[in-house]
Structures are given as structure tokens and as C-alpha cells.
1. Just to check your reading of the model, which residue among A:Ala11, A:Ala80 is under 13 Å from A:Pro96 (Cα atoms), open to solvent by less than 50 Å² (accessible area, probe 1.4 Å), among the aliphatic types (A, V, I, L, M) and without any contact (Cβ under 8 Å) to a residue 60 or more places away in the chain?
2. Look through the range A:23-44, keep the residues that are within 9 Å of chain B (Cβ to nearest Cβ) and crowded, with 18+ Cβ neighbours inside 10 Å, and return whichever of them is modelled with the highest pLDDT.
3. Enumerate the pairs (first residue in the range B:163-182 and at the interface with another protein chain (Cβ under 8 Å from one of its Cβ atoms) and touching a residue at least 24 places away in the same chain (Cβ under 8 Å); second residue anywhere and in a helix (DSSP H, G or I) and open to solvent by less than 30 Å² (accessible area, probe 1.4 Å)) with beta-carbon separation below 7 Å, excluding pairs fewer than 6 apart on the same chain, so at least 6 apart or on different chains.
4. Being more than 10 Å from chain A (Cβ to nearest Cβ) and among the basic types (Lys, Arg) is the filter; apply it to the range B:95-129 and report the residue that is farthest from B:Cys168 (Cα to Cα).
5. Which residues, counting only those in the range B:164-182, are farther than 28 Å from B:Leu65 by Cβ, open to solvent by 30 Å² or more (accessible area, probe 1.4 Å) and within 16 Å of the chain's Cα centre (by Cα)?
6. If we keep just the residues of the range A:94-108 that are more than 7 Å from chain B (Cβ to nearest Cβ) and under 30 Å from B:Asp44 (Cβ atoms), which is surrounded by the most Cβ atoms within 10 Å (Cβ to Cβ)?
7. Looking only at the range A:60-93, how many residues end up being out of contact with any strand residue (DSSP E or B) (no Cβ under 7 Å at 6 or more places or on another chain), closer than 15 Å to A:Thr34 by Cα and more than 9 Å from chain B (Cβ to nearest Cβ)?
8. Got a sec? Which strands (runs of 3 or more DSSP E) wholly within the range A:67-128 have at least 1 residues that are farther than 25 Å from A:Leu18 by Cα and among the hydrophobic types (A, V, I, L, M, F, W, C)?
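The values are calculated or read from the model by the stated rules, or taken from the named source; none is laboratory data. Here the structure is a predicted model, which means the values were calculated and not measured. Don't worry about glycine lacking a Cβ; one is built from the backbone with ideal geometry, like all the others, and counts go over all protein chains shown. For the accessible areas, the whole protein counts, side chains as well, though only heavy atoms, and no ligand, DNA or RNA atoms are used. Shrake-Rupley method; radii C 1.70, N 1.55, O 1.52, S 1.80 Å.
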Amino acid sequence: MIPLITALLLATLVGLALRRRDGRFTAPTASSPTDLPVVGSVATLVQISAEACAVCPRVARTLTEVADATPGVAHVELRAEDHPELLTRHDVRRSPTVLVVDGLGQVRGRASGAVTAAQARTVLAPLLDPEALDVHAA
Amino acid sequence: MSTPPETTPPQTTPPQTTPPQTTPPGPALAGSATTTPVPAAGIDPRGPRAGAAVTSALLAGVLLLGDGAAGRALLGLVVLLFASGVLLGPARSVLGVAYRRLVAPRLRPTTEREDPRPPRFAQVVGLLVAGTGLALALLGVPGALVVATALAFVAAFLNAAFGVCLGCELYLIGLRLRTRRA
């Protein structure tokens, strides 16, 4: 009985922790190298996906829809297997990891797991702000 | 691992069309943009999750029975189920077929399709963990059955209850470790 209860408790705690983190955008940890593709003039949602990844196709569809509906925003999906150097350079621990790259190639935010359209729009909002656009144009 | 030829099982729902990638590749990594390809023989994503629910219930049973003849026999059954998932793939495994015949007809049809490779990879991880536990238990290693079963249970329960693909998480960590060593 005790092993089952321990395993059940552990699994529930891990599951809740992962669910809480899933798709939540955070600020980039440090100034990262500007080695990511810049496609959108305002922002590029760079999605790093591994081959073994259940949610990656769904996240790709979601982000493509968000990008298509937002002028100046593009979505690019990179295969983790083809770009192993990005995994360490950008501290990618989960698949998919989505990096929000601004028009200058700077990482402005990151998230991992099942990113939703609402989460993507929220992280893009400050970048789409007219004032932010002026800074980029200057 | 041998990959048997993909035969498309008769499906009641239309196959999902993958939207074309419209985004051009970036200048920094020209020609590297890809969409994750979803094979035409994609599977109903609820199938592996239902299978994980059955697997976690069986593994919970093993934990309740403990390391004895009954516990070993039940874990042996789980090992066989994992092996069927590895050899036949999630669509044609015992639990995959059971889902399609018994459960799917009672659910609303879905056009959502999932790449069958990640669930298959998860079955490989499950087979390794449960198989090792059973083998060690049969060799007389104390505690091996309970520890391995608990690990496999955590993975199956996370998949069933939270949709977490632990095999996928491990896959990326493995990919990262390989590159660091290279």
C-alpha cells in the first residue's frame, strides 16, 4: 500500500508542477546569442521541436495561426535533431521550447510545453506596442 | 529496432490534412525551417492515453500485490503489453486495438491525429523499466520489482492523468547529453 501511495503522490506533484509551467512565457535567463532566424519584422516565434514530441505538431499549428493573424509576426519550427547546438546555447530542456525573437534577433521571452494561442498573444502584446515599434524603426 | 511497413488500418474518421508551412526560413539558419511532419497514418491521440490509464491501473495492482508470484505474473502481463506496443506500434498494439474496437466507437470522432512515434518511444522506455524490474526480481534482487513498478507507474499515471509524455522529456534530455559529449 505504501509504495502505491508514495508513487501516486509523487506523480501528482510532478504532474501539477509541469502543468503549471506548461506554455508559460518567462523572461530570457541571460543575454543569449543572436543566432536564431529573424523572419518577422516585429517578432519571430522560433519553435524548437524534437522528433519524439507529442504536443509539438499541435503547438506548431497554434503558433502558425497566431503568426498568420498578426502582422509582422512569423513562426519558424526547427528540428532539435538538426540543431543540437541550439539546445545547449539556449538552454532547451523540454520540447517544444518556443523562443520569442524580436526584429533585432534578441530573445525576448521563452516558454516550453503546450503553448496556447492566448499565451502566445500575451507575450507578443508588448512587442506589438506602437512605442516598441518606434524603437525598432529608429 | 525494426520498423514494420506502415499499413493504414481502416479508419472511420477522415485523415487530417497538415497545413502547409508558409513561413520562409530565416537568414541565420537558411533552409532549416520545417514543420513536424504528421504521417498520414497518424493515430487518435486519446488512444495512447487510454492505454496509459489501463497500464497505470495494472501497475497499481502490482504495487498492491508486492513482490510475490501474483505480483510478478501481473507485471509480466504489463511487460507483454509494453512489448506489443514496441513491436506493433501504438495503432496495432493490444491496447491500441482494444481502444479502437471498444472505446473509440463510443467517443465523439476526432479529426486530430498524433504522430505515433512518441507514444511508441514511451513504450520502449516502459518496456525497459518494467522488463528490468521483472528480470531482477526473478534473479532474486530484493526491492527491484517494487522500485521499477513504481517508476513505470509514475510515468504511466503522468501520461494518463496529465497528458505528460515522460518518454518525450527523456528523449530531449538524451539528445542534449549526446551533443554535449560530442
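1. Details: A:Ala11 fails: under 13 Å from A:Pro96 (Cα atoms).
Being under 13 Å from A:Pro96 (Cα atoms), open to solvent by less than 50 Å² (accessible area, probe 1.4 Å), among the aliphatic types (A, V, I, L, M) and without any contact (Cβ under 8 Å) to a residue 60 or more places away in the chain holds for just one of A:Ala11, A:Ala80, which is A:Ala80.
2. Step one: of the range A:23-44, the residues within 9 Å of chain B (Cβ to nearest Cβ) are A:34-40, A:44.
Cutting the leftovers down to crowded, with 18+ Cβ neighbours inside 10 Å gives us A:36-40, A:44.
On the way: A:Leu36: 91, A:Pro37: 90, A:Val38: 91, A:Val39: 93, A:Gly40: 92, A:Thr44: 96.
If we take residues in the range A:23-44 being within 9 Å of chain B (Cβ to nearest Cβ) and crowded, with 18+ Cβ neighbours inside 10 Å, then A:Thr44 is modelled with the highest pLDDT.
3. Close Cβ pairs (under 7 Å, with a partner that is in a helix (DSSP H, G or I) and open to solvent by less than 30 Å² (accessible area, probe 1.4 Å)) amount to B:Cys165/B:Pro118; B:Cys165/B:Ala122; B:Gly167/B:Pro118; B:Gly167/B:Ala122; B:Cys168/B:Pro118.
4. Among those that are more than 10 Å from chain A (Cβ to nearest Cβ) and among the basic types (Lys, Arg), it is B:Arg106.
5. B:Glu169, B:Tyr171
6. Our first condition is that a residue be more than 7 Å from chain B (Cβ to nearest Cβ); within the range A:94-108, this holds for A:96-108.
Those left that are additionally under 30 Å from B:Asp44 (Cβ atoms): A:96-98.
Numbers: A:Pro96: 30, A:Thr97: 24, A:Val98: 25.
For the range A:94-108, the residue satisfying everything is A:Pro96.
7. 2
8. Values: elements: A:73-79, A:97-102, A:107-112.
Those strands (runs of 3 or more DSSP E) span A:73-79.
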